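Colleague: Provided herewith is a single structure, encoded as structure tokens, for subsequent inquiry.
The values are calculated or read from the model by the stated rules, or taken from the named source; none is laboratory data. These figures come from a predicted structure and were not determined experimentally. Positions of Cβ are backbone-derived with ideal geometry, glycine not excepted, and every protein chain shown enters the neighbour counts. Keep in mind that these areas ignore ligands, DNA and RNA; they rest on the heavy atoms of the full protein, side chains included. Shrake-Rupley method; radii C 1.70, N 1.55, O 1.52, S 1.80 Å.
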Amino acid sequence: MTIEEFRLPDVGEGVAEGELVSWLVAPGDRVEEDQPVAEVETDKALVEVPSSYDGIVEELFVEEGDVVPVGDVLISFRVDEAGEESADTGSADGEPTDAGSVGAGSADAEPTSVEAEPDTSSGRTFAPPSVRRLARELGVDLGAVEGSGSGGRVSERDVREHADSGDSGDSGADEADAPAPKPVDVGSGDRKSAVSKRGSVEETDATTMAESGAGPDPADRERTLATPATRKLARELGVDVDEVPTDETREGEAFVDEERVRAYVETVEAGTSPELDASPEPDATVTGGVESEPAPADPSVDAPTSTAATVSTDADDAAADVAPDTVAAGDEADAPGETIPYRGVRRTIGQRMEESKFTAPHVTHHDTAEVDALVAARDRLKPKAAEEGVSLTYLPFVMKAVLAGLREYPILNSELREENEEIVLKDEYHFGVAVATDAGLMVPVVEDVDEKGLFELAAEVTDLAARARDRSLTPAELRGGTFTLTNFGAIGGEYATPIINYPETAILGLGAIERRPVVRERSAIDDEFFGDDEEGYEVVPAPTLPLSLSIDHRVVDGAVAARFANTVMDHLEDPLLLLNE
Amino acid sequence: MVVGDISTGTEVLVIGAGPGGYVAAIRAAQKGLDTTLVEKDAYGGACLNRGCIPSKALITASGLAHEAGTAEEMGIHADPAVDLTRMIEWKQGVVDRLTGGVEKLCKANGVNLVEGTASFVDDHTVRVAHGGDGRGSESIEFEHAIVATGSRPVEIPGFSFAEDHVWSSEAALAAESVPDRLVVVGGGYIGMELATVYAKLGAEVTVVEMLEDVLDPYEDDVKRVVRKRAEDLGIEFHFGEGASGWSEAGDGGHLVHTETEDGEKSSYPADRVLVAVGREPVTGGVDLEKAGIETDDRGFIETDDRTRSAVEHVHAVGDVAGEPMLAHAASKEGIVAAETIAGEPAALDQQAIPAAVFTDPEIGTVGMTGADAEEAGFDVAVGEMPFRASGRALTTGHTDGFVRIVADADEGFVLGAQIVGPEASELIAEVGLAIELGATLEDVAATVHTHPTLSEAVMEAAENAQGQAIHTLNR
Ligand SMILES: Cc1cc2nc3c(=O)[nH]c(=O)nc-3n(C[C@H](O)[C@H](O)[C@H](O)COP(=O)(O)OP(=O)(O)OC[C@H]3O[C@@H](n4cnc5c(N)ncnc54)[C@H](O)[C@@H]3O)c2cc1C
């Protein structure tokens, strides 16, 4: 047993120091050679630093967030001799142990190896697939586990015990010298497979309760599942399998294996009294349930010397083991009717929304443009556009009006780069146009709005929208916007609170153009007709365009937003002004 | 209301929707990973479209026709008329159903499906060229990739699949009519399965094989059962000959020329020649080198027991990752790839991968042969049960073959089995389970098997290995 220090290795060309972003291990964890122990960020990249030892983490010398020069000590390990040896032969493909919860590996344990052929005379360890997987999970080399089944077959319990034994004694000899661990407990169930999960809630509970209280008491079941070989063994040893305590179930029936038969026989022979058991509290099944990983049985609990305390502890473990399954089964039963996967485009949209809304404090400014003149202008141009094969909507006019606004208030065509402490005013006018598609919202970008004519813009928007719908846009066509328009009015509605297409600074939402009541000054003729007692105003139906402008209030204040909106509205209400854009 | 700049990115990118790729994609999605599956051709890959499934459909159909016509012994006199067009349509219906199912399953699990041909741009990006005019291409960035591009039939010099009369296995599974004379080049499992189909459909079939027997990897007594039955079906075998070319024959057909090692030449008349000499990985065109991945000298991607290539975040599964080139191996690898990416302790730690050949009779094998076991250092116990001693086999009229079980003599652990006979492909599953669970001969023998079934033969073989079989003489 030696203590080895481990220094920040040279993680890349020319990198002299790195920030320790996070520790992936904690003191007491068992690590294997090549297992990542920390994440270190250099000015080039985020890298995982692998351990060069097999051992137990002794101490961490650096705190998360510290900047560490290359060559400084990061961490120290307790390394055992065998571990050192095996570090050379250590399998590079060993799964990093989730050692924090396990403290795996006896002193003479080999490093994890997932090879199916560990070191036995015939080159093979017999263990079912679920056990092999557990061994990988716990970082246990199957070849080093002494199987308690007939002919050395390895069970889940053997693996857990082996994993546990690493913690229990510093000396690797312990395990070899001690009699093969034969826990008397009937708990600390070693099977957490789908098979035992299948038992219904009641059955599982019932089993647990019965077993928790049973200790080495003979069970008294009507039916017990066991393999033919187990039954034969039981007969040979003069035991009724129905009496053998177990907490393992298959298909809801109690299940007994050879190992339990043997353990039971030993218990009985040792004259262990049933009274040893201290009945655990019934709700142990529930409270124990928070522990997701069942505590492995204590291998030192040898039948003849066991005490009431250890027995009941083990029984509690049994409860802990079963309870999570019970909970899981309950959860499943309560599952709601339908679930929709939150992935792909949906999740991308979600993440972008979250980023925008939680980063930029939004303020939304609402106003309404009276667009009689715009409607007339568009009606006149529409047939001309059609001759050129272009379908002319209002959107190109709005784009030009926004352009006018942005030229006057460039702060709305900007991006805040907080880390650089600067706001970048864009000198390009690339407008995103939100398109609803089956897959979700997409925002293709129309570039250089300032350099394009109305028809050109109309044609481009039509094309981008169509291709957004059949998902044939290239990623480049979705990038690089400086301001975004969303025409929710195409579907209906007046006002909304659009979310900024972050990191842009502003987004303009368009309601539906409809006739709405507006108050206007009465014309002179009307005045004569109505006489002086009227106030000189009237409510008339007129086509209006409701506008919803959201801004990032970090970058720009409400007054500027309102002025910008006014400019946009001026241009929409008097489209001749657009000739200037 | 708005999202911008959707960079087409994905956590897991799977290339190829065969049994390796689609299984990997579904499992990855089940693990909550954002998964994109790119397929250039048809969902289900070689297996569903031009391999396992269509071949098994035709094997069943041709077998049924043949059996109905040869059951005089049971008092059945029939001369079934085979409408090959209809048979192929039916097969296609089966295929379509399954491939449609694969697509639906992928969607239901939240896998993003992209149609097109993927090639690497660098180790975190692929370009997907969409088929068809003007459909363009797109780039997809990935965190992890799983290459599952499968394999294709090997062409040999002198026999181009572009020729109408030269069939690949794919063409043989979509034939318009039964050729009068079929020469099959290659006596491996694909050649033998298809030779049997066409022999049963009435073709005169000749198998030309370079080696000295059919079905190279199997033991002699296993091969013998299949070869003898094939000969009874009228299939002619020429061993030690390699096909060298073909020429037109006067009668409108062709002559297939062969040569032995000593230069002895022969010719066999044929209307069609099926070339089934093996399969090669599909790695060209994927630009693997741009991701930093090299292939071995046969073009396979080398992987570790977690399916990782030399570039750790790029996995390879299925035929493209080498032997065994079998659909179920591909699927297992796909699962391990997905779970490894999800950070789970998965690995290819199976003790054995079963294999089946759907000849007449079938072959099913798993784990070690007796010789393998000896070589691995076991004291070997072997038990056999011939099907002619099985009541159920007799009642089916198929009694060729046997079950052989191989175990460790000391502790009784089951190590392997070779089954040749009726339903061998199904029977082998029981032994596979026994091996994985570490069951012993005693466990298998003491498990009560239904009577009368073929599976009793497995139990009997296990008894025989312990020297206590009831229905055969113990050795
Ligand atoms: C006649 C025949 C019979 C067979 N019978 C059996 C049997 O009975 N049992 C058995 O286990 N196996 C059988 N096989 C083998 C089995 O079909 C293969 O082992 C299996 O299909 C391999 O699966 P895979 O996922 O690796 O590749 P494949 O099934 O080959 O799938 C690969 C997929 O990737 C796609 N692809 C390739 N390149 C690209 C690219 N660049 N971009 C996008 N997509 C791409 C392909 O279009 C294909 O769909 C048989 C094969 C044949 C030919």
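Colleague: Take the eigenvalues of the Cα gyration tensor for segment B:355-465, scale each by 5, and report the square roots as semi-axes in whole Å, largest first. Mind dumping the intermediate values first?
Modeller: Numbers: eigenvalues 96, 44, 25 Å².
In descending order, the three semi-axes are 22, 15, 11 Å.
Colleague: When only C-alpha pairs under 8 Å and at least 6 residues apart count, what is the relative contact order of segment B:355-465, in percent?
Modeller: This gives 32 percent for segment B:355-465.
Colleague: Using mean Cβ contacts within 10 Å as the protection proxy, how do A:536-547, A:475-486 order, highest first?
Modeller: The peptides rank, most packed first, as A:475-486, A:536-547.
Colleague: Residues of B:394-402, mean number of Cβ from any other protein chain within 10 Å of their own Cβ, rounded to a whole number?
Modeller: Going residue by residue through B:394-402 and averaging, the value is 0.
Colleague: Would you mind working out the accessible area per residue for segment B:355-465, using a 1.4 Å probe, and quoting it in Å²?
Modeller: 35 Å²
Colleague: Roughly how large is the A-B contact in terms of buried accessible area, totalled over both chains, probe 1.4 Å, nearest 100 Å²?
Modeller: In total, chains A and B hide about 4300 Å² from solvent.
Colleague: In whole percent, how big is the carbon plus sulfur part of the accessible area of segment A:347-580, probe 1.4 Å, protein atoms only?
Modeller: With neighbouring chains kept in place, the figure for segment A:347-580 is 50 percent.
Colleague: So if R0 is 56 Å, what FRET efficiency would residue B:450 and residue B:139 give, r being the distance between their Cβ atoms, rounded to the nearest 0.05?
Modeller: Rounded to the nearest 0.05, the efficiency is 0.45.
Colleague: Here is a further query. Could you work out, residue by residue across B:111-120, how many beta carbons of other chains sit within 10 Å of that residue's beta carbon, and then give the average as an integer?
Modeller: That works out to 1 on average.
Colleague: Provide the net charge surrounding residue B:342, with neighbours chosen by a C-beta distance below 11 Å and charges set as Lys +1, Arg +1, Asp -1, Glu -1. All intermediate terms of the calculation are to be shown ahead of the outcome.
Modeller: Values: positive: B:27, B:31; negative: B:11, B:339, B:344.
Cβ neighbours under 11 Å give a net charge of -1.
Colleague: May I pose another question? May I ask you to work out the translational diffusion coefficient for chain B at 10 °C, viscosity 1.306 mPa s, via Stokes-Einstein with Rh from the Kirkwood sum over Cα pairs, reported in whole µm²/s?
Modeller: Details: Rh = 24.2 Å.
The diffusion coefficient I find is 66 µm²/s.
Colleague: Obtain the nm distance between the two label points defined at residue B:328 and residue B:264 by a simple spin-label model: each point lies 7 Å from its Cα along the Cα-to-C-beta direction.
Modeller: 4.0 nm
Colleague: List, in the order given, every pair from B:104/B:290; B:31/B:56; B:31/B:332; B:91/B:200; B:31/B:290; A:357/A:400 whose Cα-Cα distance in the structure shown is over 22 Å.
Modeller: B:104/B:290; B:31/B:56; B:31/B:290; A:357/A:400, as the Cα separations exceed 22 Å there.
Colleague: Work through the residues other than residue B:437 whose Cβ is under 10 Å from its Cβ and net out their charges, Lys, Arg +1 and Asp, Glu -1.
Modeller: Once all neighbours under 10 Å are counted, the net charge is -1.
Colleague: How much FRET efficiency would the formula 1/(1 + (r/R0)^6) give for residue A:479 and residue B:213, where r is the Cβ-Cβ distance and R0 is 51 Å, rounded to 0.05?
Modeller: 0.25
Colleague: Can you order the peptides A:385-396, A:415-426 by their average number of other Cβ atoms within 10 Å per residue, highest first?
Modeller: Details: A:385-396: 16.3, A:415-426: 12.6.
The packing order, highest mean first, is A:385-396, A:415-426.
Colleague: Roughly how crowded by other chains is peptide B:347-354, in terms of the mean Cβ count from those chains within 10 Å of each of its Cβ atoms?
Modeller: Details: counts 9, 2, 11, 3, 9, 1, 0, 0.
Average neighbour count from other chains, rounded to a whole number: 4.
Colleague: Then there's this: Using a 1.4 Å probe on protein heavy atoms, which residues of segment B:283-315 have at least 30 Å² less accessible area in the complex than alone?
Modeller: With the partner chains in place, segment B:283-315 has these residues losing at least 30 Å²: B:305, B:306.
Colleague: What's the local net charge at residue B:397, with K and R +1, D and E -1, over the other residues with C-beta under 9 Å away?
Modeller: -2
Colleague: Now, a different point. Enter the accessible area per residue of segment A:347-580 (Å², integer; probe 1.4 Å; all protein chains in place).
Modeller: 49 Å²
Colleague: Provide a list, ordered by number, of residues in segment B:25-60 showing at least 30 Å² less accessible area with every protein chain present than when their chain is taken on its own, using a 1.4 Å probe.
Modeller: Flagged in segment B:25-60: B:34.
Colleague: Return the residues of segment A:219-243 for which accessible area with all protein chains present is lower than in the chain on its own by 50 Å² or more; set the probe to 1.4 Å and exclude ligands, DNA and RNA.
Modeller: SASA drop of 50 Å² or more in segment A:219-243: A:228.
Colleague: For segment A:430-529, with equal point scatterers placed on the C-alpha atoms only and solvent neglected, what are the log10 I(q)/I(0) values from the Debye formula at q = 0.14 1/Å, to two decimals?
Modeller: -0.61
Colleague: How would you rank B:182-194, B:62-74, A:446-458, highest first, on the average number of other Cβ atoms within 10 Å across their residues?
Modeller: Those peptides, ordered most packed to least, come out B:182-194, A:446-458, B:62-74.
Colleague: Just the Cα atoms of segment A:347-580: what Rg and Dmax do they give in Å?
Modeller: 19.0, 66
Colleague: Between residue B:375 and residue B:231, what length comes free when the chain is fully extended (0.36 nm per residue of separation minus the Cα-Cα distance, one decimal in nm)?
Modeller: Contour length minus the Cα-Cα distance gives 48.5 nm.
Colleague: Next question, about the same structure. Given a 1.4 angstrom probe, I'd like the percentage of the accessible area of chain B that is carbon and sulfur, rounded to a whole number.
Modeller: 48 percent
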